[in-house]
Amino acid sequence: MLDRVFNPEGKSLPPMRGFKYSSWSPLGCDANGRCLLAALTMDNRLTIHTNLNRLQWVQLVDLTQIYGERLYEASYKLSKADTPRGELGDFSEFQRRHSMQTPVRMEWSGICTTQQVKHNNECRDVGSVLLAVLFENGNIAVWQFQLPFLGKESITSCNTIESGINSPSVLSWWEYEHNNRKMSGLIVGSAFGPVKILPVNLKAVKGYFTLRQPVVLWQEMDQLPVHSIKCIPLYHPYQKCSCSLVVAARGAYVFWCLLLISKAGLNVHNSHVTGLHSLPIVSMTADKQNGTVYTCSSDGKVRQLIPIFTDVALKFEHQLIKLSEVFGSVRTHGIAVSPCGAYLAVITTEGMTNGLHPVNKNYQVQFVTLKTFEEAAAQLLESSVQNLFRQVDLTDLVRWKILKDKHIPQFLQEALDKKIESCGSTYFWRFKLFLLRILYQSMQKAPSEVMWRPSHEDAKILISDSPGMGSTEDDQEEGTSKQASKQSLCDTGKGMDIDDTADDSLPQSSDIGGREPMEEKLLEIQAQIEAVEMHLTREHMKRVLGEVYLHTWITENTSIPTRGVCDFLMSDDGYDDRTARVLIGHILKKMNKQTFPEHCSLCKEILPFTDRKQAVCSNGHIWLRAGWGQGESRRGKIKHKSSFGTAHEGGFVLATSAFENKLI
């Protein structure tokens with residue numbers, strides 16, 4: 001009766017607060033294209049949360065309650081052939097029902113994409129994601145959610161698998177691709193030592209296969225609990241095919257298993273890596289880019305394990321990372337590596353001082369750089385992802401280097417120019433724009449006040465159509481002049497704390513003093529930024545015009561100022577792009593002299609398309625345009641957004657662009 005889990009309503013003890021475990025879904029699962037968070041609380045309640053707004057988390061569904069209702073409807077029987085059990089008054093039956101509803105771990109799978117045929121015989125991609133939940137009795141509930149996940153109505157199915165493992169401790173997805181065939185399974189570890197892969201039959205997901213029967217990776221009951229499991233997809237250089245590396249932390253050792261599919265079937269090679277730690281491993285993480293594994297124990301020692309393939313299987317080269325040399329005497333509680341392996345995050349507390357433990361524990365998250373600036377820049381230049389957003393940890397290293405040195409290194413500038421000349425991909429143009437913007441930011445004077453702190457100054461509000469208030473034009477003009485004067489003072493005061501380091505990417509001045517004025521440097525960098533932005537604008541305009549001409553991927557109620565875009569591209573005599581001119585010629589013939597100009601929603605006057613940043617009508621009304629893809633979307637794509645009809649009439653969305661970088 002005193003147990004808060006068995007009797008949460010007894011009120012004998014205060015409720016348990018905190019979380020046992022949490023798991024992030026892949027990118028693109030919620031309504032905004034972000035990640036979902038599955039959280040397991042201390043009172044064994046599994047819920048799914050989403051981040052609708054900034055730092056505002058909302059609970060979407062309570063899976064513990066839904067699964068309990070399903071078990072109640074089935075009379076707590078896993079199959080129809082099960083015999084009825086005893087009543088709830090029987091303590092053994094109470095324990096059985098409790099163990100089959102108490103989650104231990106949960107893990108998300110990758111996004112499964114299938115095609116669905118509509119009524120008009122059109123095919124559309126339908127995404128779904130799986131969430132595997134491991135319970136105390138060894139059963140696994142596999143939930144299938146339709147994307148985007150909105151709540152209880154997005155639950156497609158829930159199937160229960162019997163693993164047959166006693167005292168399960170950890171769970172992980174096994175996803176393997178062989179000859180364009182995707183296979184999946186679930187890796188389950190026990191607190192007694194065994195590790196096995198269970199088949200997951202995805203009948204509702206076409207194109208995905210699974211194992212015929214469970215595969216035992218380690219079967220000895222050696223009482224070494226499995227703490228963590230990671231599955232890393234790799235390429236075997238000798239077998240010339242893809243393979244899967246499974247690593248598991250068992251006590252102070254690392255168990256590894258290499259899975260390889262050949263003509264003879266599934267080949268399994270396994271072994272242990274010993275001599276890593278003197279204490280049990282408390283956390284393990286893996287870099288899926290190159291297969292490097294990191295382990296840590298509570299004494300502040302981190303091991304880096306690098307897999308090296310051999311003719312038969314593989315071996316590991318490991319080296320020690322002593323955090324005490326960086327942070328002093330600390331105790332480690334967990335580690336995690338960034339997506340591209342640039343940073344290692346470590347949770348630490350104070351270690352022993354003069355042989356005594358600290359009175360209070362202060363948990364801190366420390367960051368250790370694993371790559372140098374040169375390695376990060378080279379990886380960005382040779383990346384196959386072609387998306388800066390997915391390599392944000394590498395760009396952060398480059399950003400800090402430029403902010404610190406206040407110049408772009410010469411080797412990076414030359415290598416980037418060669419890439420632009422050779423292939424001309426917009427990825428390298430966006431990378432160049434990123435470097436120039438960071439360089440411009442490094443030249444500016446640091447603000448005296450913290451940017452995120454709200455100001456308590458009374459803002460002047462323009463009140464119109466209010467009786468007895470009189471004219472507010474003078475106040476508005478006064479406020480505008482004050483704002484303009486402040487902006488001019490801010491612009492003239494930029495770059496006062498700049499050192500004497502010369503910028504390699506900027507030409508040197510021939511002044512007598514031998515030092516180029518900071519204002520001229522800022523103007524020159526601003527001119528380069530404008531040139532790169534104009535190039536990206538034209539490239540995205542060409543892409544939009546191509547979609548217009550082919551009539552593909554145009555959503556309903558989307559308005560595009562085709563004539564204005566064509567005139568804007570043809571207005572610059574220095575811009576000689578044969579592809580753009582041919583495309584514009586075909587579009588103009590197709591339009592047959594029809595024009596659909598944009599109109600101001602205030603005075604109904606025609607808005608000329610002469611500037612890519614704003615549109616000004618004859619009465620002086622200004623409408624800001626969103627950027628034509630100068631940034632980068634989450635997947636590197638442009639999504640057509642339906643117009644709102646508030647900032648335009650019969651034309652292009654001005655306040656919110658019809659072609660904006662939307663998280664999809």
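The values are calculated or read from the model by the stated rules, or taken from the named source; none is laboratory data. Keep in mind it's a predicted model, so treat the numbers as computed, not measured. Counting neighbours? That spans all protein chains shown, and the Cβs are built from the backbone with ideal geometry, glycine included. Calculation scope for accessible area: heavy atoms of the full protein, side chains included, ligands and nucleic acids excluded. Shrake-Rupley method; radii C 1.70, N 1.55, O 1.52, S 1.80 Å.
Tabulated data
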read-out	value
Verdict on VAL548 being of a type in the set (Val, Ile, Thr), open to solvent by 20 Å² or more (accessible area, probe 1.4 Å), at pLDDT 80 or above and closer than 25 Å to SER425 by Cβ	no
Which listed residue, of ILE587, ILE554, is more than 30 Å from PHE434 (Cα to Cα) and either at pLDDT below 80 or touching a Leu at 6+ places or on another chain (Cβ under 9 Å) (or both)	ILE587
Residue match in segment 273-285 (condition: assigned to a strand (DSSP E or B), surrounded by 15 or more Cβ atoms within 10 Å (Cβ to Cβ) and over 30 Å from the mean Cα position of the chain (by Cα))	yes
Any hit, segment 396-413, residues being over 24 Å from GLN444 (Cβ atoms) and either modelled with pLDDT under 90 or of a type in the set (D, E, K, R) (or both)	no
Residue in segment 522-537 that is surrounded by the most Cβ atoms within 10 Å (Cβ to Cβ), counting only those that are hydrophobic (A, V, I, L, M, F, W, C) and more than 30 Å from the chain's Cα centre (by Cα)	ILE525
Residues of segment 323-335 satisfying the condition of being surrounded by 14 or more Cβ atoms within 10 Å (Cβ to Cβ) and within 12 Å of VAL368 (Cα to Cα)	LEU323, PHE327, ILE335
Residues located in segment 232-254, provided they are in a strand (DSSP E or B), open to solvent by less than 30 Å² (accessible area, probe 1.4 Å) and over 22 Å from GLY341 (Cα atoms)	CYS241, ARG250
Which listed residue, of LEU320, LEU381, is of a type in the set (A, V, I, L, M) and either more than 22 Å from HIS277 (Cβ to Cβ) or in contact (Cβ under 8 Å) with a residue 40 or more places away in the chain (or both)	LEU381
Subset of segment 289-317 that is among the basic types (Lys, Arg) and closer than 16 Å to HIS272 by Cα - its residue that is surrounded by the fewest Cβ atoms within 10 Å (Cβ to Cβ)	LYS315
Selection from segment 271-307 of residues that are of a type in the set (A, V, I, L, M) and either free of Cβ contacts under 8 Å to residues at least 12 places away in the same chain or more than 19 Å from CYS257 (Cβ to Cβ) (or both)	LEU279, VAL282, VAL302
Of all residues in segment 344-359 being surrounded by fewer than 19 Cβ atoms within 10 Å (Cβ to Cβ) and of a type in the set (Ser, Thr, Tyr), the one that is nearest to the chain's Cα centre (by Cα)	THR349
Of all residues making up segment 421-433, the number that are in a loop (DSSP other than H, G, I, E, B) and either in contact with a helix residue (DSSP H, G or I) (Cβ under 7 Å, 6 or more places away or on another chain) or within 19 Å of GLU375 (Cα to Cα) (or both)	0
Close pairs from segment 45-70: first free of Cβ contacts under 8 Å to residues at least 12 places away in the same chain and closer than 17 Å to GLN146 by Cα, partner open to solvent by less than 30 Å² (accessible area, probe 1.4 Å) and among the hydrophobic types (A, V, I, L, M, F, W, C), Cβ under 8 Å, at least 6 apart	none
Selected residue [of a type outside the set (D, E, K, R) and assigned to a helix (DSSP H, G or I)] from VAL368, VAL326	VAL326
Subset of segment 329-353 that is of a type in the set (Ser, Thr, Tyr) and part of a loop (DSSP other than H, G, I, E, B) - its residue that is farthest from ASP287 (Cα to Cα)	SER329
Matching residues, segment 406-420, being assigned to a helix (DSSP H, G or I) and either open to solvent by 30 Å² or more (accessible area, probe 1.4 Å) or not β-branched (Val, Ile, Thr) (or both)	GLN410, PHE411, LEU412, GLN413, GLU414, ALA415, LEU416, ASP417, LYS418, LYS419
Subset of segment 71-80 (residues that are touching a residue at least 12 places away in the same chain (Cβ under 8 Å) and not aromatic (Phe, Trp, Tyr))	LEU71, LEU78
Flag if GLN219 is closer than 28 Å to GLY334 by Cβ and either open to solvent by 30 Å² or more (accessible area, probe 1.4 Å) or among the acidic types (Asp, Glu) (or both)	no
Filter result for THR160 (within 31 Å of the chain's Cα centre (by Cα) and either over 29 Å from VAL61 (Cα atoms) or without any contact (Cβ under 8 Å) to a residue 24 or more places away in the chain (or both))	no
Among (1) closer than 25 Å to LEU344 by Cα; (2) part of a helix (DSSP H, G or I), the one test that ASN362 misses	(2)
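Every residue, every condition in (1) open to solvent by 20 Å² or more (accessible area, probe 1.4 Å); (2) not in a strand (DSSP E or B), yes or no:
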residue: CYS158; (1), (2): yes, no
residue: ILE161; (1), (2): yes, no
residue: ILE165; (1), (2): no, yes
residue: TYR176; (1), (2): no, no
residue: GLY185; (1), (2): no, no
residue: VAL188; (1), (2): no, no
residue: GLY193; (1), (2): no, yes
residue: ILE197; (1), (2): no, no
